[in-house]
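The values are calculated or read from the model by the stated rules, or taken from the named source; none is laboratory data. These figures come from a predicted structure and were not determined experimentally. Note: ideal-geometry Cβ built from the backbone for every residue, glycine included; neighbour counts use all protein chains shown. Side chains included, ligands, DNA and RNA excluded: accessible areas come from the protein's heavy atoms. Shrake-Rupley method; radii C 1.70, N 1.55, O 1.52, S 1.80 Å.
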Amino acid sequence: MKRLPKISIGILLGLILVYLSIDVQKLDHYKAKNQPKAFNAEHYAAKVWKEEIPEILANAPDITELIRNLESRKEHTLTKYGHKLGISKTCYFTVKGNARVVSIDEENLQLQLEDGRKVLLATSFIFGNAIRDGLGVVSVDDFLNMTDFNNVSIALNNRVKTQVIPDIKKSVKVGDQVVFAGALALNETTPDLQNIRLIPLTLSVTHGKQ
Amino acid sequence: MRNIHRLVVAVVFILHLVGLSGCKLKTAQNNTAQHKNIAVVISTLNNPWFVVLAETAAEKARELGYRATIFDSQNNSAKEAEHFDNIIAMGYNAILFNPTDADGSVLNVKRAKLAGIPTFCMDREINSKDAAVTQLLSDNFTGCVKLGQYFVRQMNKTGNYVEILGLVGDNNTWNRSNGFHSVVDEFPDIKMVAQQSADFDRNKAMEVMETILQAKPNIDAVFCGNDAMAMGAYQAILAAGKTGKIKVFGFDGAEDAMQGIADRKITATVMQFPVLMAQTSAIMADAYIKGERDFPSRTPIEVELVTFENVRQYLPQN
């Protein structure tokens, strides 16, 4: 009888020890806790926009110079300024330039460059990978899967649609002199230099139409 | 006399050893030159597109001097795991792999990696950056961005449409769907009235489309995640007497879909390049076996939009 309290205390301590050594969790909670954090394309795009784009645009070639070089030294220019994804004929570029707005329609501004050439600057139908791949800093190797990688394109395009296009539509008129930067895609085998369409990254009016 | 006898025995023994080692050396050389094996594991051989992928990969591997064996997973991840068990047990030198499931197949690739067998994914992706040596994938998203823009213009920015998805566990299904929606969803007058999976299967797509056509009579277009489903959907539209009223869009660049575009039955598709993908996978596996280790985690392969305007250049006779 005298040993009963000792045994009881022993059992109690044993139970406490067992209780403390076991961590019971709901399977769903455990799985959720151990899942890698879901990739957030908007955060990623915001970081690229703020930290990468200014420097890339500062070093981007002038569009008239790029076109001239593509005509005279295509291979060299493609290698020097272009970015390709995997096995592809499409080459992406980031460029900047000065131009005069010669016409405006539902989907584009038509710009006349300093050398007289005309290019389009998109204000609608902002799709595809021109920005993501034209920047040359977003690598497919950094992503878990193609879905995350592609979502970066969507997020960057959305930033153009929400942060660049509304200002362009509001402030630009035919005859305005503008400074712009943007991204474009060209077929490396037969680059169509007469029908260039840029996705804008920045645009500002330097001399409004009088 | 006894010494001479011993000497003869010793010489014979030494010659025997030399002979044996010579044989071993020869066998080892034979193993290096002739006995390397590449496994081609394919999600399903029920779809002609995957037959082309499998046979081209195996053919290229043979051309490069390997024995190549094709394993059909029949779109069944358990069957795929069995194949990997056998491939690992038999000590294959590389696997050219078309997975059944983006998440479910990762473990198989990791098991192969642990056993020292490199895996090269073809066409379908697994959700891992480092399990496979590299993954050669069609740029499905970009293809469907191009298709989506053409779709919007064909619809004049208005109308009702149906989407028939492929396998829901396959990343290609979602990359195609996301690419398409990244464009089409920006046009509020284009409305998706039904979305259903038909597992990339022609017959299932026909059944799905038949059911949808009964429930939703006002449909202007159907976007299918592959050409087999587009052809199935077209059959349902034909049976309902609505050809010409409903535009059909596919993905793959299958021969019958190309002919369908030329005949104005199908509106557009996106051309993939399975031959290029399969051959490049085999070439990369060969390079890996020979010591190359510098591979990107993924190699997207550009795809092309095919419409009535440019279909001629893609028809088999051309």
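Just checking, how many residues over the stretch B:35-86 are over 12 Å from the mean Cα position of the chain (by Cα), of a type in the set (G, A, S) and over 11 Å from B:P99 (Cα atoms)?
6
So, A:T147, is that one within 12 Å of chain B (Cβ to nearest Cβ), at pLDDT below 95 and surrounded by fewer than 22 Cβ atoms within 10 Å (Cβ to Cβ) or not?
The answer is yes for A:T147.
Evaluate the stretch A:188-199: report whether one residue or more is more than 30 Å from B:N127 (Cβ to Cβ), modelled with pLDDT of 95 or more, assigned to a strand (DSSP E or B) and not small (G, A, S).
yes
Just give me the residues in the stretch B:106-130 being small (G, A, S) and modelled with pLDDT under 95, in sequence order.
Narrowing the stretch B:106-130 to residues small (G, A, S): B:112, B:115-116, B:128.
Answer for the stretch B:106-130, where residues must be small (G, A, S) and modelled with pLDDT under 95: just B:S128.
Do you know which residues across the stretch B:256-284 are more than 14 Å from chain A (Cβ to nearest Cβ), open to solvent by 50 Å² or more (accessible area, probe 1.4 Å) and in contact with a helix residue (DSSP H, G or I) (Cβ under 8 Å, 6 or more places away or on another chain)?
The answer is B:D256, B:K265.
Only one of (1) open to solvent by less than 30 Å² (accessible area, probe 1.4 Å); (2) without any contact (Cβ under 8 Å) to a residue 12 or more places away in the chain; (3) hydrophobic (A, V, I, L, M, F, W, C) is not met by B:A228, so which one is it?
(2)
From (1) open to solvent by 40 Å² or more (accessible area, probe 1.4 Å); (2) in contact with a strand residue (DSSP E or B) (Cβ under 8 Å, 6 or more places away or on another chain), pick out the condition that doesn't hold for A:N157.
(1)
Looking only at residues in the stretch B:304-313 that are open to solvent by 40 Å² or more (accessible area, probe 1.4 Å) and away from chain A (no Cβ under 14 Å), which one is nearest to B:Y66 (Cα to Cα)?
Among residues in the stretch B:304-313 that are open to solvent by 40 Å² or more (accessible area, probe 1.4 Å) and away from chain A (no Cβ under 14 Å), the one nearest to B:Y66 (Cα to Cα) is B:R312.
Just to be sure I understand the filter: pairs with C-beta atoms under 9 Å, separated by 6 or more residues or on different chains, first member in the stretch B:285-303 and within 12 Å of chain A (Cβ to nearest Cβ) and over 18 Å from B:D130 (Cα atoms), second member outside any loop (DSSP other than H, G, I, E, B) and among the small types (G, A, S). Which pairs pass?
Sorted first by the residue in the stretch B:285-303, then by its partner, the pairs are B:I301/B:S138; B:E302/B:S138; B:E302/B:G143; B:V303/B:S138; B:V303/B:G143.
Kindly list the number of the only condition in (1) over 15 Å from B:L45 (Cβ atoms); (2) among the acidic types (D, E); (3) buried (at least 23 other Cβ atoms within 10 Å of the Cβ) that fails for B:E63.
All conditions are met except number (3).
Within the stretch B:286-303, identify whether any single residue is hydrophobic (A, V, I, L, M, F, W, C), within 25 Å of B:K36 (Cα to Cα), open to solvent by 50 Å² or more (accessible area, probe 1.4 Å) and in a helix (DSSP H, G or I), and answer yes or no.
Applying the first criterion (hydrophobic (A, V, I, L, M, F, W, C)) to the stretch B:286-303 yields B:287, B:289, B:295, B:301, B:303.
Subsequent filtering for residues that are within 25 Å of B:K36 (Cα to Cα) retains B:287, B:289, B:295.
With the extra rule that they be open to solvent by 50 Å² or more (accessible area, probe 1.4 Å), the set shrinks to none.
So far as the stretch B:286-303 goes, no, none of its residues is hydrophobic (A, V, I, L, M, F, W, C), within 25 Å of B:K36 (Cα to Cα), open to solvent by 50 Å² or more (accessible area, probe 1.4 Å) and in a helix (DSSP H, G or I).
Can you tell me which residue among A:V164, A:V137 is more than 13 Å from chain B (Cβ to nearest Cβ), under 14 Å from A:V48 (Cβ atoms) and not in a strand (DSSP E or B)?
Every option except A:V137 fails the conditions.
Quick one: which strands (runs of 3 or more DSSP E) sit completely within the stretch B:71-186 and have at least 1 residues that are within 10 Å of another protein chain (Cβ to nearest Cβ) and either touching a Ser or Thr at 6+ places or on another chain (Cβ under 8 Å) or surrounded by 18 or more Cβ atoms within 10 Å (Cβ to Cβ) (or both)?
Those strands (runs of 3 or more DSSP E) span B:134-138.
Given the criterion open to solvent by 10 Å² or more (accessible area, probe 1.4 Å) and more than 30 Å from B:S105 (Cα to Cα), identify the matching residue among B:D189, B:D201.
B:D189
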